[in-house]
Structure formats: C-alpha cells, structure tokens
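K.L.:
One structure coming up, written as structure tokens, with questions to follow.
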Amino acid sequence: AQSVTQPDIHITVSEGASLELRCNYSYGATPYLFWYVQSPGQGLQLLLKYFSGDTLVQGIKGFEAEFKRSQSSFNLRKPSVHWSDAAEYFCAVVGGDTGGFKTIFGAGTRLFVKA
Amino acid sequence: EAGVAQSPRYKIIEKRQSVAFWCNPISGHATLYWYQQILGQGPKLLIQFQNNGVVDDSQLPKDRFSAERLKGVDSTLKIQPAKLEDSAVYLCASSFRGQVRTDTQYFGPGTRLTVL
C-alpha cells in the first residue's frame with residue numbers, strides 16, 4: 001500500500017538558518033509527489049509538486065524539493081527561513097491505479113522558527 | 001478570485017447528535033473533495049465528487065457519514081450520529097478538472113468539530 005512518512009514531528013530552526021524537512025514515500029509506480037503548508041487556522045496551500053523531469057523542483061515562497069528515487073525521498077528545503085514560515089508542512093503522494101487515484105498525506109512536520 | 005468557502009468554522013456537539021458542514025468550491029471547479037484531519041495526522045480523503053457524481057467514497061464511513069453535491073456546485077457533509085472519534089477538522093478542497101495526479105487542489109479553511 002502507498003504511504004508517506006515524515007520522520008520529524010517538529011523541527012525548530014533559527015530565523016535565517018537553512019531548513020530541510022524529510023519525506024519518504026512508498027509507492028511502486030512513478031510517484032506524483034507534493035508538499036503543502038498549513039498555517040494556523042488556514043487550509044493547506046500547495047508549495048510544489050513533482051511528476052517527472054528535473055528532480056530538483058522549485059516552488060513558491062523560496063522552497064525547493066529534491067526527488068531521489070534510490071532513497072524514496074522527496075525532501076523539502078529552504079536556504080534561509082523567515083519567521084513567517086512557521087507552520088505545519090505535509091508531504092503527499094498520489095497513490096492508486098487507473099481504477100482511481102487519491103492523495104495520501106504524511107502526518108506532517110511542525111516548523112518552529114526562533115528569533 | 002474567491003477561494004474555497006466553508007461553514008461553520010467551529011462546531012461543538014454532544015455524541016449521538018447530528019451535524020452538517022457546507023462547502024462552496026472555487027467557481028468553475030469540477031471536482032470537490034472532503035478530507036478528515038484528526039489532530040496529529042495528515043488529511044484523509046473521505047469523498048471525491050466530479051461535478052455531481054461520486055468518484056471515490058471508499059473511505060467514507062457510510063453508516064454515519066453522508067455527502068451530497070447537488071447541481072455540481074456546493075456540497076454538504078453530514079454526520080449522524082456523531083461519535084467521539086469524529087472530532088477532527090473537516091477540510092473541503094476543489095480542483096479544476098479532477099486529474100488527481102496533476103491538478104492543484106485548493107483547500108478551504110476547514111471546520112473544526114469537537115464531539116463531547
């Protein structure tokens with residue numbers, strides 16, 4: 001069965017420091033991978049997505065993610081974190097087959113930013 | 001462009017009571033999703049509509065949950081009767097075409113349900 005693992009429940013980084021959020025997926029076919037951000041009291045917003053091609057994907061708000069098939073990973077990175085990046089981040093994979101596809105989310109990583 | 005609207009934002013009920021949530025997707029979006037997000041977990045798909053037809057309701061607890069999307073626009077999700085384990089945030093999302101693998105899903109702010 002398809003699944004997504006986000007090993008870190010929460011991470012704290014200093015403002016201006018670099019960030020990497022980990023995501024591992026389990027899916028037998030070509031994965032369709034996504035990162036979403038959820039700020040308090042708001043719905044999820046898509047940061048970036050990967051289908052094929054260049055394994056380094058650029059997203060909004062200065063985020064990027066790298067797909068590594070050999071490691072079944074799709075880690076999210078940002079070179080310099082801003083206080084406004086404090087939120088919960090969800091990695092997702094679209095699982096299923098031609099009979100139907102659905103988005104499967106990880107449990108999320110909460111990011112805290114300290115001044 | 002207006003986003004996905006949901007109401008109410010918060011609801012507190014006693015177990016065994018009924019509750020309904022409403023969602024109005026982005027205008028022109030054919031596909032509407034309802035997700036359940038339990039505290040500490042990622043969202044889980046409950047039901048997907050394409051226009052006013054159900055595409056996937058395999059994870060919807062049909063003995064107590066029901067959903068409809070009349071006229072292919074707004075949608076209502078109902079729980080009857082509610083259980084303690086239904087306490088969660090219920091998220092509505094919409095997308096333009098319903099190509100789950102490639103379309104961007106736009107999420108509403110959610111309805112936080114507390115069952116006492």
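The values are calculated or read from the model by the stated rules, or taken from the named source; none is laboratory data. Just so it is clear, the structure is predicted and the values come from calculations on it, not from any experiment. When we count neighbours, we look across all protein chains shown, and the Cβ atoms used for this are built from the backbone with ideal geometry, even at glycine. Protein only, heavy atoms only, side chains kept; ligands, DNA and RNA dropped before computing areas. Shrake-Rupley method; radii C 1.70, N 1.55, O 1.52, S 1.80 Å.
K.L.:
Ignoring ligands, DNA and RNA, what percent of the 1.4 Å accessible area of chain A is carbon and sulfur? Write out the running numbers ahead of the final one.
P.N.:
Numbers: 2680 of 5480 Å².
That share works out to 49 percent.
K.L.:
What's the FRET efficiency of B:W22 with A:L56 using the Cβ-Cβ distance as r and R₀ = 41 Å, to the nearest 0.05?
P.N.:
On the way: r = 41 Å, r/R0 = 0.99.
Rounded to the nearest 0.05, the efficiency is 0.50.
K.L.:
Report the A-B buried area as the accessible area lost on both sides summed, probe 1.4 Å, in Å² to the nearest 100. Before the final figure, lay out the partial values.
P.N.:
Numbers: alone 6300 and 6560 Å², together 11220 Å².
Buried: approximately 1600 Å² between B and A.
K.L.:
Lysine pairs, Cα distance under 21 Å, 8 or more residues apart or cross-chain: how many in segment A:3-114?
P.N.:
Values: A:K49/A:K61; A:K49/A:K68; A:K49/A:K78; A:K49/A:K102; A:K61/A:K78; A:K61/A:K114; A:K68/A:K78; A:K78/A:K114.
Step by step, the pairs that qualify in segment A:3-114 add up to 8.
K.L.:
FRET efficiency for A:K68 and A:S14, Cβ-Cβ distance as r, R0 = 25 Å, nearest 0.05?
P.N.:
Working: r = 27 Å, r/R0 = 1.06.
E between A:K68 and A:S14, to the nearest 0.05, is 0.40.
K.L.:
Once label points are set 7 Å from the Cα along Cα→Cβ at both B:L39 and B:Q59, what is their separation, rounded to one decimal in nm?
P.N.:
2.1
K.L.:
For chain B, what relative contact order do you get, as a whole percent, if you take Cα pairs closer than 8 Å and at least 6 residues apart? If you can, show how the numbers build up before the last one.
P.N.:
On the way: 290 pairs, mean separation 42.7, N = 116.
Relative contact order for chain B comes out at 37 percent.
K.L.:
Provide, for chain B, the number of lysine pairs with alpha carbons under 24 Å apart, each pair being eight or more places apart or on different chains.
P.N.:
For chain B, the number of qualifying lysine pairs is 14.
K.L.:
Same structure, new question: Considering only C-alpha atoms, what is the centroid distance from segment A:80-115 to segment A:24-51, in Å?
P.N.:
5
K.L.:
Now for a separate question. Note down the relative contact order for segment A:3-114 as a percent, whole number, built from C-alpha pairs under 8 angstrom at least six residues apart. Could the numbers behind the result be given before it?
P.N.:
Details: 267 pairs, mean separation 41.5, N = 112.
Contact order relative to length: 37 percent.
K.L.:
Could you work out what % of the accessible surface of segment B:5-111 is carbon and sulfur, using a 1.4 angstrom probe and leaving DNA, RNA and ligands out of the count? Please report the intermediate quantities before stating the final value.
P.N.:
Numbers: 2540 of 5120 Å².
The C+S portion of the solvent-accessible surface of segment B:5-111 is 50 percent.
K.L.:
Using a 1.4 angstrom probe on protein heavy atoms only, which residues from segment A:64-104 are buried by at least 50 Å² of accessible area when all chains are present rather than their own chain alone?
P.N.:
Output list: A:F101, A:K102, A:T103.
K.L.:
Further question: Sort by residue number and name the cysteines in the protein assembly as shown that have no neighbouring cysteine Cβ under 4.7 Å.
P.N.:
Among the cysteines of the protein assembly as shown, none has its Cβ 4.7 Å or more from every other.
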